[in-house]
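Enquirer: Right, I'll just put the structure down here and ask away after.
The values are calculated or read from the model by the stated rules, or taken from the named source; none is laboratory data. All values derive from a computational prediction rather than experimental measurement. Methodologically, a virtual Cβ is constructed for each residue, glycine included, from the backbone with ideal geometry; neighbour enumeration extends over all protein chains shown.
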Amino acid sequence: MPRQRRTVITCAITGAIHTPTMSDALPLTYDDIATQAIGAAEAGASILHLHARNPRDGSPSVDPDDFTPFLQRIKQASDSVVNISTGGSLSLSIRDRIKPARRFEPEMCSLNMGSFNFAFHRLAGRYETWKYDWERAYVEGSEANIFRNTFRDIREAAEALAPLGIKFEHECYDVGHLYNLKFCMESGLFRPPVFIQFVFGILGGIGTDIDNLVFMKRTADRLFGDSYRWSVLGAGSAQMPLATTASQMGGHVRVGLEDSLYIARGKLAKSNAEQVAKIRRIIEDLGCQPATPDEAREILGLKGGDRVAF
Ligand code: KMH
Ligand code: ZN
């Protein structure tokens, strides 16, 4: 009997968009991040996309010392693939944002494929009081945010990280970012197959219509042929519908509280694991199987969990 198709589930545990006021489930401390990441892996995520936070107030951190405690715990408790963000906090330079990946040499890290208005200020209107002083200004301030990822930034990140054997999760928020990736591949920065995360629903990027998913996929097929693997991330309420559609189109999926705080319309998720369990159930019901970490390594051509520096 032919093997069922394997779907790689990535779980993005905490991110840098949501703030402590928005959900009690959002992991903030080292212990929260480790516990929820391990729970997500047990629920079926083969890749854990990780940001760090300042444990005192939950603000986003790119200090490698804020990664050490949870990376070690995750490694001891699971063999999932660790993917460290280089998006970090959105207003920092690429040099600061790549520091954690440089120090820990994970199997994967994110790489954002273009500059654009990365905005989430409309969330601010939902909250009257905030748990911490930094939150309101941070969320409202994103109205003026340019998420800077120039060609030089991308080249600097690639030149620093690719020699460490790190595979990139190329985050593409609009169709032009696919062309940026194509240009970078032609310049020799990335080896095929590249792994593209199509991102839908961030204000400043492409919207969550299914037509857009079909369009991004067709464009990627044209540009990259067999030289790419792909996954979908829908922000907010588009998370589960877009992941479901992508899995049926042959793609991989990303869920997690970084991208949506909800488990159903108007209902906050209790944990990252709850979202992973839901998409896993859907995928299995529709005839696919979640990939194990080793299957994800094979599908994406990763170096192996024994070749990291943590
Ligand atoms: N929160 C995602 C939309 C990164 O970590 O490099 C973007 C992201 C960026 O995951
Ligand atoms: Zn991220």
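Enquirer: Please go through region 224-252 and pick out each residue that is among the aromatic types (F, W, Y) and either more than 22 Å from N180 (Cα to Cα) or without any contact (Cβ under 8 Å) to a residue 40 or more places away in the chain (or both).
Expert: Restricting attention to region 224-252, the residues satisfying the condition of being among the aromatic types (F, W, Y) are 224, 228, 230.
Within region 224-252, Y228, W230 qualify.
Enquirer: Tell me which residues, restricted to region 142-171, are in contact with a helix residue (DSSP H, G or I) (Cβ under 8 Å, 6 or more places away or on another chain) and surrounded by fewer than 16 Cβ atoms within 10 Å (Cβ to Cβ).
Expert: Hits for region 142-171 are E143, F151, R155, E156, G165.
Enquirer: Sticking with this structure for a sec: Restricting the search to region 142-179, which residues are aliphatic (A, V, I, L, M) and farther than 18 Å from V232 by Cβ? Talk me through it step by step, then tell me what you get.
Expert: Narrowing region 142-179 to residues aliphatic (A, V, I, L, M): 144, 146, 154, 157-158, 160-162, 164, 166, 175, 178.
Listed by number, the residues that qualify are A144, I146, I154, A157, A158, A160, L161, A162, L164, I166.
Enquirer: In region 258-274, what residues are more than 16 Å from ligand 2 (Cβ to nearest atom) and part of a loop (DSSP other than H, G, I, E, B)? First the steps, then the outcome.
Expert: So the first thing to find is which residues in region 258-274 are more than 16 Å from ligand 2 (Cβ to nearest atom), and the list is 262-271, 273-274.
Correct list: R265, G266, A269, K270, S271.
Enquirer: Is it the case that some residue within region 267-274 is touching a Pro at 6+ places or on another chain (Cβ under 9 Å), under 18 Å from F198 (Cβ atoms), crowded, with 19+ Cβ neighbours inside 10 Å and not aromatic (F, W, Y)?
Expert: Residues of region 267-274 that are touching a Pro at 6+ places or on another chain (Cβ under 9 Å), as a first pass: 271-272.
Going one step further and asking which of them are under 18 Å from F198 (Cβ atoms), we end up with none.
No: zero hits.
Enquirer: If I go through region 275-304 residue by residue, how many of them are out of contact with any Ser or Thr (no Cβ under 8 Å at 6 or more places or on another chain) and assigned to a helix (DSSP H, G or I)?
Expert: Kept after step one, since they are out of contact with any Ser or Thr (no Cβ under 8 Å at 6 or more places or on another chain), are these residues of region 275-304: 276-278, 280-281, 284-285, 287, 294, 297-304.
Right, trim to assigned to a helix (DSSP H, G or I) and you get 276-278, 280-281, 284-285, 294, 297-300.
Residues meeting the conditions: 12.
Enquirer: What residue, among those in region 35-65 that are in a loop (DSSP other than H, G, I, E, B), crowded, with 20+ Cβ neighbours inside 10 Å and in contact (Cβ under 8 Å) with a residue 60 or more places away in the chain, is farthest from ligand 1 (Cβ to nearest atom)? Write out each step before concluding.
Expert: Pass one, region 35-65, residues in a loop (DSSP other than H, G, I, E, B): 44-46, 51, 54-59, 62-63.
So of that shortlist, the ones also crowded, with 20+ Cβ neighbours inside 10 Å come out as 44-46, 51, 58, 62.
Going one step further and asking which of them are in contact (Cβ under 8 Å) with a residue 60 or more places away in the chain, we end up with 44-46, 51, 58.
On the way: G44: 20, A45: 15, S46: 17, H51: 6, G58: 16 Å.
Out of the qualifying residues, it is G44.
Enquirer: Confirm whether A12 is surrounded by fewer than 24 Cβ atoms within 10 Å (Cβ to Cβ), within 16 Å of ligand 1 (Cβ to nearest atom), modelled with pLDDT of 95 or more and not hydroxyl-bearing (S, T, Y).
Expert: no
Enquirer: Quick check: is even one residue across region 19-34 buried (at least 24 other Cβ atoms within 10 Å of the Cβ), of a type in the set (V, I, T) and part of a loop (DSSP other than H, G, I, E, B)?
Expert: Checked region 19-34: at least one residue is buried (at least 24 other Cβ atoms within 10 Å of the Cβ), of a type in the set (V, I, T) and part of a loop (DSSP other than H, G, I, E, B).
Enquirer: One residue is enough: does region 176-187 have a residue meeting the conditions closer than 26 Å to F104 by Cα, part of a loop (DSSP other than H, G, I, E, B) and under 20 Å from the mean Cα position of the chain (by Cα)?
Expert: Scanning region 176-187 turns up no residue that is closer than 26 Å to F104 by Cα, part of a loop (DSSP other than H, G, I, E, B) and under 20 Å from the mean Cα position of the chain (by Cα).
Enquirer: In addition: Here's a check for you: in region 181-231, which residue that is in contact with a strand residue (DSSP E or B) (Cβ under 8 Å, 6 or more places away or on another chain) and within 13 Å of I154 (Cβ to Cβ) is surrounded by the fewest Cβ atoms within 10 Å (Cβ to Cβ)?
Expert: Within region 181-231, the match that is surrounded by the fewest Cβ atoms within 10 Å (Cβ to Cβ) is M185.
Enquirer: Between R73, R97, which is out of contact with any Pro (no Cβ under 8 Å at 6 or more places or on another chain), under 25 Å from L300 (Cα atoms) and surrounded by fewer than 23 Cβ atoms within 10 Å (Cβ to Cβ)?
Expert: Values: R97 fails: surrounded by fewer than 23 Cβ atoms within 10 Å (Cβ to Cβ).
Just one listed residue meets the conditions, R73.
Enquirer: Output the number of residues of region 66-96 satisfying the condition of being in contact with a Phe, Trp or Tyr (Cβ under 9 Å, 6 or more places away or on another chain), within 14 Å of ligand 1 (Cβ to nearest atom) and outside any loop (DSSP other than H, G, I, E, B).
Expert: Summing the residues that are in contact with a Phe, Trp or Tyr (Cβ under 9 Å, 6 or more places away or on another chain), within 14 Å of ligand 1 (Cβ to nearest atom) and outside any loop (DSSP other than H, G, I, E, B) in region 66-96 gives 2.
Enquirer: Let me ask another. Out of the residues in region 97-122 meeting the condition of being closer than 26 Å to V175 by Cβ and among the aromatic types (F, W, Y), tell me which one is farthest from ligand 1 (Cβ to nearest atom). It would help to see each step written out before you state the result.
Expert: Here is the first cut: in region 97-122, the ones closer than 26 Å to V175 by Cβ are 97-98, 108-122.
Now drop any that are not among the aromatic types (F, W, Y), which leaves 116, 118, 120.
Numbers: F116: 11, F118: 8, F120: 9 Å.
Of everything passing the filter in region 97-122, F116 is farthest from ligand 1 (Cβ to nearest atom).
Enquirer: Taking the condition of being out of contact with any helix residue (DSSP H, G or I) (no Cβ under 6 Å at 6 or more places or on another chain), closer than 22 Å to S247 by Cβ and of a type outside the set (V, I, T), how many residues in region 178-199 meet it?
Expert: Looking only at that region, the number is 2.
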